[in-house]
1. Would you check if residue 121 is over 18 Å from the mean Cα position of the chain (by Cα), exposed (fewer than 12 other Cβ atoms within 10 Å of the Cβ) and either under 20 Å from residue 27 (Cα atoms) or touching a residue at least 60 places away in the same chain (Cβ under 8 Å) (or both)?
2. Applying the selection to segment 79-106, what residues are part of a loop (DSSP other than H, G, I, E, B) and in contact with a strand residue (DSSP E or B) (Cβ under 7 Å, 6 or more places away or on another chain)?
3. When you scan segment 74-104, how many residues do you find that are β-branched (Val, Ile, Thr) and either without any contact (Cβ under 8 Å) to a residue 60 or more places away in the chain or at positive phi (or both)?
4. What single numbered condition from (1) closer than 20 Å to residue 112 by Cβ; (2) of a type outside the set (Ser, Thr, Tyr); (3) free of Cβ contacts under 8 Å to residues at least 24 places away in the same chain fails to hold for residue 62?
5. Within segment 131-140, does at least one residue satisfy the condition of being part of a loop (DSSP other than H, G, I, E, B), more than 19 Å from residue 27 (Cα to Cα), of a type in the set (S, T, N, Q) and under 20 Å from the mean Cα position of the chain (by Cα)?
6. Please identify the pairs in which a residue from segment 20-42 that is hydroxyl-bearing (Ser, Thr, Tyr) has its Cβ atom under 8 Å from the Cβ atom of a residue that is buried (at least 16 other Cβ atoms within 10 Å of the Cβ) and not in a helix (DSSP H, G or I), counting only partners at least 6 apart or on another chain.
7. Do you know which of the residues in segment 18-75 that are touching a Leu at 6+ places or on another chain (Cβ under 7 Å) and of a type outside the set (D, E, K, R) is surrounded by the most Cβ atoms within 10 Å (Cβ to Cβ)?
8. I'm checking my understanding of the structure. Among residues of segment 1-27 that are hydrophobic (A, V, I, L, M, F, W, C) and not in a helix (DSSP H, G or I), which one is farthest from the chain's Cα centre (by Cα)?
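The values are calculated or read from the model by the stated rules, or taken from the named source; none is laboratory data. Computed from a predicted model, the values in this text were never measured in an experiment. Don't worry about glycine lacking a Cβ; one is built from the backbone with ideal geometry, like all the others, and counts go over all protein chains shown.
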Amino acid sequence: MTCAVAYFRTSSQTNVDGDSVPRQRAACAAHAARAGLSIRHEFTDAAVKGADRIDARTGFQAMLAWCAEHDCKTIIVENASRFARDLIVQETGFQMLTAAGYTLVAADDPDAFTASTPTQDLIRQVLGAVAQFEKANLVAKLKAARDRKSAQLGRRIEGPLKDAAQVAAARRLAPDRSLREVAEAMAEEGFRTTTGTILSAAHVSRLLKDTRLASCAAPA
């Protein structure tokens, strides 16, 4: 059976010990049985508002790390509002998961996240325009940074050198290690996040799957 995880969210501390999680669990289990899915793990964000960004939710991030570690790509929620009540948070979260290869399913309506309504279409168009602007802005900033560095060095530099080094290190350290162990080994070699913390298992997984830099070699 296809691997799946269940994600539960309660919006207030009052609901933590109430019937909210059992109700969500029953709905997710019922859908899994109908769809031929096997729920391997459950994750909960307690007292988290529906408008909170998913990347700021501890339980959700733990779920993504576990999924990356166990190659599990299906996430079941009771309904769309359990994932997020705010439509923009809901749509951006859905797009992020889809881009990462995940399937997000609402137990009460499996098509909830892909349905086309005037409001959802408008949000998708706005988000698409914002994403295009941010990408163009980032490209311009990176080019300006490369131009400055090239002028300082007296030669032209191009390409994501830091990313290439990370990919090479991840591939070199991956054999016989879990994603978490690879992250720890990379940290010992100086590969960390911009804030100095150890890379997440999900980040290591993306490095190992990066096809754009497939030809990069490990540093000597």
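1. Numbers: over 18 Å from the mean Cα position of the chain (by Cα): yes; exposed (fewer than 12 other Cβ atoms within 10 Å of the Cβ): yes; either under 20 Å from residue 27 (Cα atoms) or touching a residue at least 60 places away in the same chain (Cβ under 8 Å) (or both): no.
When the stated conditions are applied, residue 121 does not pass them.
2. Selection gives 79, 102.
3. Residues meeting the conditions: 5.
4. All conditions pass for residue 62, except number (1).
5. Residues of segment 131-140 part of a loop (DSSP other than H, G, I, E, B): none.
No, segment 131-140 contains no residue that is part of a loop (DSSP other than H, G, I, E, B), more than 19 Å from residue 27 (Cα to Cα), of a type in the set (S, T, N, Q) and under 20 Å from the mean Cα position of the chain (by Cα).
6. The qualifying pairs are 20/8; 20/10; 38/4.
7. Top of the filtered list is 68.
8. Selected residue: 1.
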